[in-house]
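Here, each number is a calculation from the coordinates, and none is a lab measurement. In this text, all values refer to a predicted model and were calculated from it rather than measured experimentally. A quick note on method: Cβ atoms are made from the backbone with ideal geometry, for glycine too, and the neighbour counts reach across all protein chains shown.
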Amino acid sequence: MKRKRLPSPPYNPGVRNLVEGKRAWSRPLAKEEIDRGFLGWHENGYLPHRDEPGLIQFVTFRLADAFPAELRSEWEGLLKIEDDRKRRIELEAYLDKGRGECHLQRADIAAIVENSLLFRHEVQYELRAWVIMPNHVHVLFLVQDVPMWQLLAAWKGYTAKKANEILGRKGQFWQDGYWDTYMRGGEHEARTRRYVERNPTKAKLAGSSKEWPWSSVRFRDAYERLCVPTR
């Protein structure tokens, strides 16, 4: 039986020139950073990525069917938006519609995903905020000694295997790739943190952020400090 092809982003011919320009003004990676697997500015044919130690990254990864092929007319036009920031805003708004099977709305699967994020916190990276939505995940974290692409591969690989076992299914669980934006400063990080933790209320899934069971909000103390339990 021929495997059903899932929707994927179109090739973006301008992204290579964009990345080359970014590399020109960025500091070159040190040899030991390259040896550890960091890629610096790079691209995957569609999106630019910046993977360096010390960056605070806002990453989104989503389920394989979050942009269903049968609903292509709903989202295809969003991919044609030329402005990168506006396109991402519109695509994330579409994710909040909760299309697809939304396997992450199951408590047992959401718990697996959250536990995978917490597993190496303060060992390989430092979590700043996260939320697990029905069909996607937002994570804000400080990259330390492990490259971002390796962290994403580990999170997605482990959780896909466990989720498929629970669901009694095979095949692709997560969409290939991820969206990432590095923080330009404290205000950018604070604004992004608010976006992440308020996502359930923005999507009208909860009356308040604290009502949502799968986010970093419930680990914040009276001073808004994140007190994450060790795993």
Next item on the list: Give the total of Lys-Lys pairs in the chain with Cα-Cα distances below 21 Å; include a pair only if its members are 8 or more places apart or on different chains.
Entry: 16
Notebook entry, point to check: So what's the gap between the Cα centers of region 206-231 and region 151-175, to the nearest angstrom?
Noted result: 25
Next item on the list: For W41, list long-range residues whose amide hydrogen, built 1.01 Å from N in the peptide plane, is under 5 Å from its own amide hydrogen.
Entry: D51
Check: Can you tell which of A190, A129, A30 shows the greatest fluctuation in a Gaussian network model of the chain with Cα springs below 10 Å?
Finding: A30
Note to self: Under 5 Å between amide hydrogens, which residues at least 5 positions from A129 or on another chain qualify, with H placed 1.01 Å from N in the peptide plane?
What the structure shows: L140
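About the Cα centre, and with charges only on the beta carbon of Lys, Arg (+1) and Asp, Glu (-1), how big is the dipole of the chain? Nearest 20 debye, please. Before the final figure, lay out each step's value.
Working: 40 positive and 32 negative charges, 100 e Å.
Using only the charged Cβ atoms, the result is roughly 480 debye.
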Checklist line | Net charge of Cβ neighbours under 14 Å - reference F61; Lys, Arg +1; Asp, Glu -1 | finding: -2
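Would you tally the net charge around A160, using a Cβ to Cβ cut-off of less than 11 Å, leaving A160 out, and scoring K and R as +1, D and E as -1?
Details: positive: K156, K161, K162, R169, K170; negative: E165.
Residues near A160 contribute +4 overall.
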Item checked: Principal axis dimensions, largest first and in whole angstrom, of the chain by Cα -> 48, 44, 32
Margin query: Taking θ = phi - 60°, what integer Hz values does the Karplus form 6.51 cos²θ - 1.76 cosθ + 1.60 yield along region 52-60, in sequence order, with x for Gly and Pro?
Written below: 9, x, x, 7, 8, 10, 9, 10, 10
Next item on the list: Add +1 for every Lys or Arg and -1 for every Asp or Glu among the other residues with Cβ under 9 Å from the Cβ of W130, and state the total.
Entry: -1
Notebook entry, point to check: When only C-alpha pairs under 8 Å and at least 6 residues apart count, what is the relative contact order of region 49-170, in percent?
Noted result: 36
Notebook entry, point to check: Can you give the relative contact order of the chain as a percent, counting alpha carbon pairs under 8 Å and 6+ residues apart?
Noted result: 23
